[in-house]
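Heads up, the thing below is written out as structure tokens.
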Amino acid sequence: MRIAVIGTGNVGGALGQRWRGAGHDVVYGGRSAGRQGPGGAPVLPVADALVGADVVVLAVPGPAVADVIAPHGAALDGRVVIDAANNIGGAQVNSHAAVAAAAPGAYYARAFNTLGWENFIDPPPGAVLFYAADAGARPATEELITAVGLEPVLAGDASAAGAVDSLLPLWFALMQQHGGNRRIALRVTQ
């Protein structure tokens, strides 16, 4: 799978490295084009990173998502777009509305936003990642969650992105109660 990770920070870098290690073709889209990104994948201008991508992962600061994707709506249409950005303090934490406005034909998923990036580099045994996704985004999203070493747990279609977002304050509270330990994750038992 060819994955365009838009953003080279902690979240995007951790995910890109794990996916490269799992054999996926990863490129980063970012402002510092022309260098190597985390794990050795190339950093390209966003427009170039989107060419040929099967999946696009939004891993930039939440308030920047709309501006970053607006000029690339046509390139995002028909692609799986995984929203890992958090717009803390915004009207909505997720970028579902921004993605729908820029690329109404994109297959949206909300994932990789409720755990610290450290859990993507070295996932705790048995940890799950809750996600929401359009039917067209579900297979790729589950494959990429599994490739990171987490168990995918579907919370619902893309309209359940807010339910996934509700886990973010819980994760922060648990982290603080454990002395700032960011290697806190959740598990589902039946």
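The values are calculated or read from the model by the stated rules, or taken from the named source; none is laboratory data. These numbers come from a predicted model, not from an experiment. Counting neighbours? That spans all protein chains shown, and the Cβs are built from the backbone with ideal geometry, glycine included.
With the requirement that a residue be outside any loop (DSSP other than H, G, I, E, B), surrounded by 12 or more Cβ atoms within 10 Å (Cβ to Cβ) and small (Gly, Ala, Ser), what does segment 24-43 give you?
Result: 29, 39.
Kindly establish whether residue 12 is modelled with pLDDT under 95 and part of a helix (DSSP H, G or I).
Values: modelled with pLDDT under 95: no; part of a helix (DSSP H, G or I): yes.
Answer is no for this residue.
Has segment 50-66 got any residue that is assigned to a helix (DSSP H, G or I), crowded, with 22+ Cβ neighbours inside 10 Å and in contact with a helix residue (DSSP H, G or I) (Cβ under 6 Å, 6 or more places away or on another chain)?
Kept after step one, since they are assigned to a helix (DSSP H, G or I), are these residues of segment 50-66: 50, 62-66.
Next, only the ones that are crowded, with 22+ Cβ neighbours inside 10 Å stay: 65.
Then keep just the ones that are in contact with a helix residue (DSSP H, G or I) (Cβ under 6 Å, 6 or more places away or on another chain); that gives 65.
Yes - at least one qualifying residue is present in segment 50-66.
For the subset of segment 77-106 comprising residues that are buried (at least 24 other Cβ atoms within 10 Å of the Cβ) and not in a loop (DSSP other than H, G, I, E, B), which member is farthest from the chain's Cα centre (by Cα)?
Checked segment 77-106; the qualifying residue farthest from the chain's Cα centre (by Cα) is 99.
Give just the number: which of (1) exposed (fewer than 14 other Cβ atoms within 10 Å of the Cβ); (2) under 18 Å from residue 62 (Cα atoms); (3) at pLDDT below 95 does residue 172 not satisfy?
Every condition holds for residue 172 apart from (1).
Test residue 11 against the criterion of being within 11 Å of the chain's Cα centre (by Cα) and surrounded by 14 or more Cβ atoms within 10 Å (Cβ to Cβ), and give yes or no. Break it down into steps so the answer makes sense when it comes.
Values: within 11 Å of the chain's Cα centre (by Cα): yes; surrounded by 14 or more Cβ atoms within 10 Å (Cβ to Cβ): yes.
Judged against the criteria, residue 11 is a match.
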